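The values are calculated or read from the model by the stated rules, or taken from the named source; none is laboratory data. Note that the coordinates shown come from a computational prediction; the quantities given were computed from them, not determined experimentally. No Cβ is skipped: glycine too gets one built from the backbone with ideal geometry, and neighbour counts run over all protein chains shown. Accessible surface areas use protein heavy atoms only, side chains included; no ligands, DNA or RNA. Shrake-Rupley method; radii C 1.70, N 1.55, O 1.52, S 1.80 Å.
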Amino acid sequence: MWDLTTKETASVQEHENVLHIKGLKKSFGKKEVLRDIDLDVKRGENVVVLGKSGSGKSVIIQCIVGMISPDAGVLQVFGEEVSSLNEKELKKLRTRIGFLFQSGALYDSMTVRENMEFPLMRILKLRNQAEIDKRVEEVLKSVGLFESIDKMPSDLSGGMRKRAGLARTLVLNPELMLYDEPTTGLDPITSREISNLVLQIQKKYKTTAIIITHDMECAAITADRVLVLSDGEFIAEGSFEAIKNSKDKHVSSFFK
Amino acid sequence: MKTTSGQKIRTGLFVMAGLAVLVIAVFFIGNKKGLFSANFHVQGMFKDVNGLQLGNNARFAGINVGVVENILIINDTTVKVVLSLNENVRKFIKRDAKLSIASDGLMGDKLVAISPGGATTSEEVKNGDQLVAVNPFDMDKMIKKITGITDDAGSLIAGLSQVVDKVNHGKGSIGRLLNDDKMARDIEGTVNQAKTTIANVHATTTTLNTDLKAAQDNFLLKGYFNKKKKKAIKARQDSIKKVQKDSSARAQAAQPKQ
Amino acid sequence: MNDEALSGWRSRLAEKGEQVAFLKDFLKNLFRGGFEWSEFIRQCYEIGYKSFTLVGTTAFIMGLVMAMQLRPTLISFGAESMLPKSLAVSIIKEIGPVITAIICAGKIASGIGAELGSMKVTEQIDAMEVSGANPMQFLVVTRILATTAMVPLLTLLGDVLGLLGGFLAININGSVSLLLYFNKCIASLGFSDLLPAFIKTIFFGFVIGFIGCYKGYNSNKGTESVGIAANSAVVVASLWIFVIDAIVVQVSNTLIY
Ligand SMILES: Nc1ncnc2c1ncn2[C@@H]1O[C@H](COP(=O)(O)OP(=O)(O)OP(=O)(O)O)[C@@H](O)[C@H]1O
Ligand SMILES: [Mg+2]
């Protein structure tokens with residue numbers, strides 16, 4: 001692994017470790033997707049993971065929320081080993097993590113408002129309708145979707161769906177956000193808006209984030225640190241500028 | 001999507017309708033089986049219940065008034081049948097009522113028929129009473145009887161065919177009568193004799209006729225006969241008159257043949 | 001799940017194992033607190049009320065046609081007066097429950113299979129699970145309970161409409177009063193006819209919801225798998241309906257007689 005950011009790592013070391021991954025392995029059948037993953041994420045940091053399609057980026061974040069159990073390695077979130085958690089503890093852990101799906105994954109039988117209310121009522125167990133409304137309206141305003149509050153997901157554009165999906169994860173005030181390709185399928189202008197939104201969220205809600213993308217502009221806007229995934233390993237790590245100027249042909253191929 | 005109140009109401013109506021069907025069906029069928037009205041029990045000891053089943057109907061005067069509630073084998077020749085009957089019909093069934101096993105139509109279910117009773121007592125039946133059981137018609141015995149009759153008929157037919165055979169060959173008196181001319185001439189005397197006999201019969205029936213009339217008057221005076229019986233007698237007289245007519249006609253018919 | 005394709009009976013056995021695990025999961029979530037009432041009521045509306053027109057119409061026509069078909073046969077035995085009885089017995093004990101269940105398998109099991117299948121494909125189920133909510137409880141428990149409750153009710157109403165269809169057919173040819181007709185129908189039925197028929201519709205409802213949910217919930221993540229989930233839900237649910245029908249008639253016959 002190429003360590004290009006000695007300065008920066010030193011500066012974030014004083015923060016608490018939100019995520020600690022060491023020697024993570026995962027195969028599907030004979031196919032080795034993750035071979036040896038090491039990753040530490042500090043509180044308040046935005047980490048971007050670059051990698052070509054099918055390299056296993058989504059698998060990493062699915063392991064973090066316990067949707068996929070790894071074959072080997074250490075995987076600690078908020079200091080807890082995910083594989084050792086029982087169902088109840090895992091559920092509790094998941095409420096502290098926000099996961100934005102590639103497709104947005106809005107519940108298409110419910111309106112935008114009901115999509116927001118769903119986790120509030122079931123996970124935070126809020127019963128006070130005034131409080132629920134207040135939180136829903138606030139989060140929708142912060143993603144700029146307040147006018148569409150009573151629309152069905154099928155009536156929303158791709159960008160609006162992404163925002164709504166984002167709002168639904170933010171409504172629970174997560175400490176760690178996992179973004180799975182927040183800008184794919186969007187035009188450049190909307191992509192830039194979403195990327196800026198990700199940055200705003202980091203500032204406003206003080207979240208830590210892992211952002212998976214192959215959109216360079218998104219990476220440039222959001223990243224505190226960039227990692228490049230290839231053949232089941234991180235082959236480069238550093239600031240966006242450092243990665244961009246890398247001489248390695250695998251790494252530089254992303255910027256062409 | 002949240003359910004609107006209209007949808008909730010329609011769902012509610014749907015559920016109510018379904019449950020109503022269930023309740024109504026349970027009520028009607030239960031009512032038919034006498035589950036929801038006051039009941040009392042009677043029992044009878046049968047030798048053979050002929051395939052009677054639990055839940056079969058009990059009938060009184062052709063009306064279903066209850067069901068067979070229990071069938072128990074008491075010993076090798078006794079089966080106890082317990083009936084659960086509607087309380088409303090208790091006053092019509094007397095303690096000397098009889099139970100019998102019958103069928104509803106040719107292929108229908110078995111049922112227990114209750115005859116009203118009342119010939120020897122007017123006391124109504126009580127809960128738990130044991131009634132007299134008339135044992136069902138025994139099919140095996142009936143089949144034996146029929147076999148006996150057919151055997152008899154067989155030998156009868158055999159004898160008859162022998163007789164016919166003999167007649168055909170001019171043997172025996174009837175054979176000769178039919179086949180011999182001389183014999184036919186002898187009949188003349190016989191017929192003459194028959195004519196006298198029939199005249200005698202005529203005289204006798206006329207006497208009988210007058211006797212009967214007298215008897216009738218006698219009974220009428222006593223006011224013993226009702227109109228119906230009078231008619232019956234008249235019919236009988238008519239038939240006797242008819243016999244007289246017939247016999248005289250036959251006698252006359254026999255004469256010209258001489 | 002394994003990449004290696006398990007062939008033939010091995011994969012079928014593996015599926016049976018998965019179904020047992022799914023059943024266990026369902027039961028566990030059934031008795032967990034926080035029942036999703038409003039979703040349950042919505043499903044009752046979607047599954048029960050919205051299927052009523054279809055089930056009712058089919059049952060009515062079935063009753064009508066059966067009466068017309070039975071009539072000539074019964075007349076040739078001189079048993080025309082047996083028509084209400086034979087209609088009542090066949091509709092209540094067999095035709096009503098099975099036809100309703102098969103229609104519901106076609107409409108409801110496929111609907112649930114497709115709905116949950118597409119929720120799986122579009123990662124909605126994953127999103128629910130990852131957010132810490134309980135998709136088993138919200139999606140599966142409500143749907144299975146809704147079918148278990150609604151299919152018996154649909155069958156009861158279908159039975160009534162089927163008998164009314166028979167009544168109409170009888171009155172095309174002759175005339176029988178509604179009172180006499182229903183009296184004869186009721187008179188030919190006992191609890192030993194009604195109870196097994198009713199109990200089996202509960203099983204039918206359960207199996208329709210269960211298979212629909214299982215197929216949808218465990219579908220693969222491709223667009224074509226939505227169609228596969230819907231299709232196999234209908235096929236498997238229909239098969240189960242006939243198997244349950246055969247088992248119930250055997251069990252009830254040994255219990256009652
Ligand atoms: N649940 C699974 N079962 C079997 N194989 C899987 C599963 N999830 C992922 N894979 C395999 O792992 C590999 C990596 O998948 P992953 O979704 O992580 O790719 P990705 O890097 O996110 O690509 P993309 O940018 O297209 O989203 C793929 O080859 C995929 O076939
Ligand atoms: Mg991916």
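Is it true that some residue in the range A:228-241 is more than 16 Å from ligand 2 (Cβ to nearest atom) and closer than 23 Å to A:P174 by Cα? No, the conditions are met nowhere in the range A:228-241. Under the condition of being in contact (Cβ under 8 Å) with a residue 40 or more places away in the chain and within 30 Å of A:G159 (Cβ to Cβ), which residue from the range A:64-76 is nearest to the other protein chains (Cβ to nearest Cβ)? Only one residue fits best here, namely A:V65.
Among residues belonging to the range A:73-85 that are open to solvent by less than 20 Å² (accessible area, probe 1.4 Å) and part of a strand (DSSP E or B), point out the one that is farthest from ligand 1 (Cβ to nearest atom). Among residues in the range A:73-85 that are open to solvent by less than 20 Å² (accessible area, probe 1.4 Å) and part of a strand (DSSP E or B), the one farthest from ligand 1 (Cβ to nearest atom) is A:V77.
Which members of the range A:198-229 meet the condition of being over 22 Å from A:V18 (Cα atoms) and either open to solvent by less than 20 Å² (accessible area, probe 1.4 Å) or not assigned by TED's automatic domain parsing to the domain that holds A:L50 (or both)? Across the range A:198-229, the qualifying residue is only A:C218.
With respect to A:K92, is the statement that it is closer than 23 Å to A:T207 by Cα, more than 16 Å from ligand 2 (Cβ to nearest atom), among the charged types (D, E, K, R) and in the same structural domain as A:I21 (by TED's automatic domain parsing) true? Against the criterion (closer than 23 Å to A:T207 by Cα, more than 16 Å from ligand 2 (Cβ to nearest atom), among the charged types (D, E, K, R) and in the same structural domain as A:I21 (by TED's automatic domain parsing)), A:K92 qualifies.
Taking the criterion of being loosely packed, with under 12 Cβ neighbours inside 10 Å and out of contact with any Asp or Glu (no Cβ under 8 Å at 6 or more places or on another chain), would at least one residue in the range C:83-93 satisfy it? No, every residue in the range C:83-93 fails to be loosely packed, with under 12 Cβ neighbours inside 10 Å and out of contact with any Asp or Glu (no Cβ under 8 Å at 6 or more places or on another chain).
Out of C:K107, C:K120, one residue alone is surrounded by fewer than 24 Cβ atoms within 10 Å (Cβ to Cβ) and within 11 Å of another protein chain (Cβ to nearest Cβ). It is C:K120. Flag set for A:L120, criterion: crowded, with 17+ Cβ neighbours inside 10 Å, on the phi < 0 side of the Ramachandran plot, aliphatic (A, V, I, L, M) and more than 7 Å from every other protein chain (Cβ to nearest Cβ).
Scanning the range A:237-256 for residues that are open to solvent by 10 Å² or more (accessible area, probe 1.4 Å) and assigned to a helix (DSSP H, G or I) turns up A:F240, A:E241, A:A242, A:K244, A:K249, A:H250, A:S252, A:S253, A:F254, A:F255.
Cβ-Cβ below 9 Å, separation at least six or inter-chain, first residue in the range C:27-39 and farther than 12 Å from C:N134 by Cα and within 14 Å of chain B (Cβ to nearest Cβ), second open to solvent by less than 80 Å² (accessible area, probe 1.4 Å) and among the charged types (D, E, K, R): which pairs? So the pair list comes out as C:E39/C:R143. Among the residues of the range A:176-190, those that are away from ligand 1 (no atom under 16 Å from the Cβ) and surrounded by fewer than 17 Cβ atoms within 10 Å (Cβ to Cβ) comprise A:D187, A:P188, A:I189. The residues of the range A:58-83 that are of a type outside the set (S, T, Y) and closer than 18 Å to A:Q102 by Cβ, listed by number, are A:V59, A:I60, A:I61, A:Q62, A:C63, A:I64, A:V65, A:M67, A:I68. Of the set (1) more than 14 Å from chain C (Cβ to nearest Cβ); (2) out of contact with any strand residue (DSSP E or B) (no Cβ under 9 Å at 6 or more places or on another chain), all apply to B:N39 but (2). Scanning the range B:20-30 for residues that are open to solvent by 70 Å² or more (accessible area, probe 1.4 Å) and either under 34 Å from the mean Cα position of the chain (by Cα) or within 7 Å of chain C (Cβ to nearest Cβ) (or both) yields a count of 1.
The set of residues in the range C:45-82 that are open to solvent by less than 30 Å² (accessible area, probe 1.4 Å) and closer than 14 Å to C:L157 by Cβ comprises C:I47, C:G48, C:S51, C:V55, C:G56, C:A59, C:G63. Among the residues making up the range A:86-102, those that are outside any strand (DSSP E or B) and either in contact (Cβ under 8 Å) with a residue 12 or more places away in the chain or more than 9 Å from every other protein chain (Cβ to nearest Cβ) (or both) are A:N86, A:E87, A:K88, A:E89, A:L90, A:L93, A:R94, A:T95, A:R96, A:F101, A:Q102. Checking each residue in the range A:27-72 for being near ligand 1 (Cβ under 9 Å from one of its atoms), open to solvent by 30 Å² or more (accessible area, probe 1.4 Å) and basic (K, R) picks out A:K31, A:K52.
A:I60 falls short on exactly one of the conditions (1) within 13 Å of ligand 2 (Cβ to nearest atom); (2) more than 11 Å from A:K25 (Cα to Cα), and that condition is (2).
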